[in-house]
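Visitor: Please find one structure pasted underneath; my questions will follow.
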Amino acid sequence: MINIDELTLGQLRDLKTILAVESVPTTGSKQSIYDRYVGKYVICRSRNEGINAGEVIALDETGVVLKGARRLYYHKPANKEMSWYEGVALEGLSKDSRVGEPVEKVIAEDYSLTICTEVAKKSITGAKGNAQS
């Protein structure tokens with residue numbers, strides 16, 4: 001469990017990024033709900049492609065394209081007191097997690113995205129790749 005009184009400045013910045021809601025302009029160009037995810041490092045969960053993490057380079061209601069996508073074959077958060085997906089997105093991977101090698105991936109089906117903190121991104125991108133067993 002995170003003690004809010006003990007958060008570091010970096011953790012507060014990460015939370016601000018995760019919780020930030022960008023305003024939709026009332027004039028000019030029309031902004032989509034998807035726009036705020038382009039360029040963000042996320043965990044993407046989908047029915048057939050499972051759990052992947054990577055940088056969003058394009059997305060819409062039909063699917064998402066991830067750069068440097070790593071499949072999370074087996075994953076637990078580094079902080080074992082946190083929930084699975086959210087814990088990994090906030091704190092990164094435990095040492096016994098298993099991830100695939102990075103690739104560019106199109107996930108053309110229903111999906112959900114969870115924005116990762118910088119700590120989580122470093123943990124996932126720095127993890128040793130494993131073959132699925």
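The values are calculated or read from the model by the stated rules, or taken from the named source; none is laboratory data. Computed from a predicted structure; not experimentally measured. Neighbour counts are summed over all protein chains in view; Cβ atoms, including those assigned to glycine, are modelled from backbone coordinates with ideal geometry.
Visitor: Go through region 47-62 residue by residue and tally those that are part of a strand (DSSP E or B) and surrounded by fewer than 17 Cβ atoms within 10 Å (Cβ to Cβ). I'd like the intermediate steps shown before the answer.
Guide: From region 47-62, those part of a strand (DSSP E or B) are 50-60; that's our starting set.
Keeping just the survivors that are surrounded by fewer than 17 Cβ atoms within 10 Å (Cβ to Cβ) gives 50, 57-58, 60.
Adding up the residues that qualify gives 4.
Visitor: Regarding region 98-120, can at least one residue be identified that is within 14 Å of the chain's Cα centre (by Cα), modelled with pLDDT under 90 and part of a loop (DSSP other than H, G, I, E, B)?
Guide: No, that holds for no residue.
Visitor: Would you confirm, using the coordinates I've provided, whether GLY68 is modelled with pLDDT of 95 or more, touching a strand residue (DSSP E or B) at 6+ places or on another chain (Cβ under 9 Å) and either closer than 14 Å to GLY129 by Cα or aromatic (Phe, Trp, Tyr) (or both)?
Guide: Numbers: modelled with pLDDT of 95 or more: yes; touching a strand residue (DSSP E or B) at 6+ places or on another chain (Cβ under 9 Å): yes; either closer than 14 Å to GLY129 by Cα or aromatic (Phe, Trp, Tyr) (or both): yes.
So GLY68 fits the description; yes.
Visitor: Okay, next question. Looking only at region 29-46, count how many residues are in contact with a strand residue (DSSP E or B) (Cβ under 6 Å, 6 or more places away or on another chain) and either under 15 Å from VAL99 (Cβ atoms) or in a loop (DSSP other than H, G, I, E, B) (or both).
Guide: Filtering region 29-46 down to residues in contact with a strand residue (DSSP E or B) (Cβ under 6 Å, 6 or more places away or on another chain) leaves 34, 37-38, 40-46.
Right, trim to either under 15 Å from VAL99 (Cβ atoms) or in a loop (DSSP other than H, G, I, E, B) (or both) and you get 34, 38, 40-45.
So the answer is 8.
Visitor: Sticking with this structure for a sec: Considering only region 84-99, I want to know if a residue exists there that is in contact (Cβ under 8 Å) with a residue 40 or more places away in the chain and surrounded by fewer than 17 Cβ atoms within 10 Å (Cβ to Cβ).
Guide: Checked region 84-99: at least one residue is in contact (Cβ under 8 Å) with a residue 40 or more places away in the chain and surrounded by fewer than 17 Cβ atoms within 10 Å (Cβ to Cβ).
Visitor: Would you point out the residue of region 73-96, among those that are closer than 17 Å to THR125 by Cβ and of a type in the set (A, V, I, L, M), that is modelled with the lowest pLDDT?
Guide: ALA78
Visitor: Against the conditions (1) in contact with a Lys or Arg (Cβ under 8 Å, 6 or more places away or on another chain); (2) farther than 17 Å from VAL119 by Cα; (3) not polar (S, T, N, Q), where does LYS67 fall short? Just the number, please.
Guide: (1)
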